Amino acid sequence: MLAVDDAGNPRPGTHLVVRPDRGEVSAARERSPGELWATWTLPPGSAGTVRLRVALEDAPALLAQAHLTLEAGPPATVELNADRDTVVAGAGREVILRARARDAAGNGSPARLEVSAAAGFGALVEAHSGAWRLRPPDSFAGRQSVEVVAHPQGTAEPRASVVLRLLPGAPVSASIEPGTPVVRTGPDGRLELRVRRTDRFGNLVPGSAPAATAEEGSIAGIEPQSDGAYLATYLPPQRWDREETVVDMRWPESSARTRVRLLPRLALLTVSPKAGALSNFGQLTSPVAAVEASLRTARFGPELAFSTELAWYFSSRQQAVGQFGNGQGRVDFLALSAQVSLRVPLGARTTVWIGAGPSLEGIASRLQLGSQPPVSERALVLGVTGSVGVEHRFASVLPFAELRWSRHRDPQLSTLTGAISATSLLVGTRFELL
């Protein structure tokens, strides 16, 4: 502030009267003749123009004034509003959004804002400053609501948001999705069915539960899910007498049907007599007789069988041995093996499996040369065995065919040396006991 006389010369010792429109001004201090300095402090408040008026204390009619423009500060809060809070599929209506930012004093901030919705959800365009138009899609991709967010450009805070509820159109179709392709009959069988009612855009339509029926078995319950679908529990019949059944779900305006494949109850214990032929594709060819006992379970996911088998086969030869006359030799094999098999159903009647495990084989050898006393030897050797097979269920029988391979260590007998490898083809019938 400068104080001068009529000739324009500085007036030392001048006292001023300072009147601000807003805020406070500190006491003026003279730094040089006629030049006074003071500090004008403005508290937070509305933006606009304020005046500072200065007069001479001894001549109050002499008045000078200055104008100061106050601008809004950086955004401290953001406001976002929508012209409605619901979106109906197929309605074709845009949502009008309005956003504005304010500084800490509540002044409207000129900072540019960004408005965004979930990626891929409709088209969002800026209509004019502070207003946007959202054209929502008709298919909501499983969403029940969508959040629209506004924030200053280049920073995520401060932010404001609105949540729009997404409502489907009228229901036109329904569907049933089984949790698994098949279900076993019996008291432990159950199958979860996901039931959906949708509009013409594929959006789930919530509402009352459907009426459910099943040709065989029953529906234990239908529970609504958070996304608008339903979860129905199907209980199969206790006895298996068909390969599939039909389940229906009905609403007044739509219905759905699915076919459920039925598998026989999983027998926990089976006994399987079998017979066939064995060969090492050399000098050993023999019939085979065996019996197998298996424990089955599906507790770990896939169906597994834990089996023990006792198998018998033999080798017999006779030939002339010079001065001793005829020589006759016979070797009997008794193998005890254990296997773990993975069983895979191929439809309701056919199952294939593959298995492997350790084996313990007892060998009894007897050799007689002419009239010489017979020579008998015995040995016990370890080995491994593997198998693949297929079974097919008929009305009351369960026949199967199995290809097995085994290899056992060298028994080191005088009449039999070398590792024993053999392949056998067996057929038999299973008896399900439990």
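Yes or no, residue by residue, for (1) in a strand (DSSP E or B); (2) in contact with a Leu (Cβ under 6 Å, 6 or more places away or on another chain):
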position: THR233; (1), (2): yes, no
position: GLU253; (1), (2): no, no
position: LEU262; (1), (2): yes, no
position: VAL288; (1), (2): yes, yes
Checklist entry - Considering VAL146, VAL162, VAL205, which residue is touching a residue at least 60 places away in the same chain (Cβ under 8 Å), among the hydrophobic types (A, V, I, L, M, F, W, C) and more than 28 Å from ARG393 (Cα to Cα)? => result VAL162
Next on the checklist: Regarding segment 207-217, can at least one residue be identified that is out of contact with any Ser or Thr (no Cβ under 7 Å at 6 or more places or on another chain), surrounded by 14 or more Cβ atoms within 10 Å (Cβ to Cβ) and assigned to a strand (DSSP E or B)?
Outcome noted: yes
Checklist outcome for this item: Note: among LEU262, LEU269, LEU304, just one is surrounded by fewer than 13 Cβ atoms within 10 Å (Cβ to Cβ) and either out of contact with any helix residue (DSSP H, G or I) (no Cβ under 6 Å at 6 or more places or on another chain) or not assigned by TED's automatic domain parsing to the domain that holds ARG366 (or both), namely LEU269
Next on the checklist: I'm trying to understand the selection: among the residues of segment 150-178, which are of a type in the set (S, T, N, Q) and modelled with pLDDT under 90?
Outcome noted: GLN153, THR155
Item to check | Residue that is aliphatic (A, V, I, L, M) and in contact with a Lys or Arg (Cβ under 7 Å, 6 or more places away or on another chain), where the choices are ALA104, ALA127, ALA99, ALA111 | outcome: ALA127
Checklist entry - All but one of (1) under 20 Å from ASP241 (Cα atoms); (2) in contact with a His (Cβ under 7 Å, 6 or more places away or on another chain); (3) modelled with pLDDT under 95 hold for LEU398; which doesn't? => result (2)
Checklist entry - Exactly one of (1) out of contact with any Asp or Glu (no Cβ under 9 Å at 6 or more places or on another chain); (2) in contact (Cβ under 8 Å) with a residue 12 or more places away in the chain; (3) surrounded by fewer than 14 Cβ atoms within 10 Å (Cβ to Cβ) is unmet by ALA156. Its number? => result (2)
Checklist entry - What are the pairs, 6+ residues apart or on separate chains, where a residue within segment 384-398 that is surrounded by fewer than 14 Cβ atoms within 10 Å (Cβ to Cβ) has its Cβ under 8 Å from a residue that is part of a loop (DSSP other than H, G, I, E, B)? => result PHE394/ARG349
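Condition check ((1) of a type outside the set (Val, Ile, Thr); (2) touching a strand residue (DSSP E or B) at 6+ places or on another chain (Cβ under 6 Å); (3) closer than 18 Å to THR417 by Cα) across all residues:
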residue: GLY355; (1), (2), (3): yes, yes, no
residue: GLY362; (1), (2), (3): yes, yes, yes
residue: SER387; (1), (2), (3): yes, yes, no
residue: VAL390; (1), (2), (3): no, yes, no
residue: PHE394; (1), (2), (3): yes, no, no
Next on the checklist: I'm checking my understanding of the structure. Among residues of segment 1-10 that are surrounded by 13 or more Cβ atoms within 10 Å (Cβ to Cβ) and not in a strand (DSSP E or B), which one is modelled with the highest pLDDT?
Outcome noted: ALA3
Item to check | Matching option when the condition is within 30 Å of ASP241 (Cα to Cα), more than 26 Å from the chain's Cα centre (by Cα), outside the structural domain of ARG349 (by TED's automatic domain parsing) and not acidic (Asp, Glu), among THR180, THR213, THR155 | outcome: THR213
Checklist outcome for this item: Note on segment 12-66: residues under 30 Å from ARG102 (Cβ atoms), at pLDDT below 80 and surrounded by 11 or more Cβ atoms within 10 Å (Cβ to Cβ) are LEU42, PRO44, GLY45, SER46, ALA47, GLY48
Checklist entry - What's the number of the condition GLU243 fails, among (1) acidic (Asp, Glu); (2) at pLDDT 90 or above; (3) surrounded by 13 or more Cβ atoms within 10 Å (Cβ to Cβ)? => result (2)
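With respect to ALA127, is the statement that it is closer than 24 Å to ALA101 by Cα and surrounded by 14 or more Cβ atoms within 10 Å (Cβ to Cβ) true?
On the way: closer than 24 Å to ALA101 by Cα: yes; surrounded by 14 or more Cβ atoms within 10 Å (Cβ to Cβ): no.
So ALA127 fails the test.
What's the total number of residues in segment 407-431 that are under 28 Å from SER272 (Cα atoms) and either part of a loop (DSSP other than H, G, I, E, B) or of a type in the set (Lys, Arg) (or both)? Outline the logic, then answer.
Within segment 407-431, the subset under 28 Å from SER272 (Cα atoms) is 407-409, 420-431.
Next, only the ones that are either part of a loop (DSSP other than H, G, I, E, B) or of a type in the set (Lys, Arg) (or both) stay: 407, 409, 430.
The number of residues fulfilling the criteria is 3.
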Item to check | Output for segment 69-109, where each listed residue is without any contact (Cβ under 8 Å) to a residue 60 or more places away in the chain, surrounded by 14 or more Cβ atoms within 10 Å (Cβ to Cβ) and not basic (Lys, Arg) | outcome: LEU70, ALA72, GLY73, GLU94, ILE96, ALA101, ASP103, SER109
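Considering only segment 318-350, state which residues are over 23 Å from THR285 (Cα atoms) and either at pLDDT below 95 or not assigned by TED's automatic domain parsing to the domain that holds SER421 (or both). Walk me through how you get there before you give the answer.
Quick first cut of segment 318-350, residues over 23 Å from THR285 (Cα atoms) only: 322-325, 338-350.
Matches in segment 318-350: GLY322, GLN323, PHE324, GLY325, VAL344, PRO345, LEU346, GLY347, ALA348, ARG349, THR350.
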Checklist entry - Based on what the data block shows, is PHE121 without any contact (Cβ under 8 Å) to a residue 40 or more places away in the chain and crowded, with 18+ Cβ neighbours inside 10 Å? => result yes
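The values are calculated or read from the model by the stated rules, or taken from the named source; none is laboratory data. Values in this document were obtained by computation on a predicted structure and should not be read as measured data. Here Cβ is always computed from backbone atoms with ideal geometry, including for glycine, and neighbour counts include all displayed protein chains.
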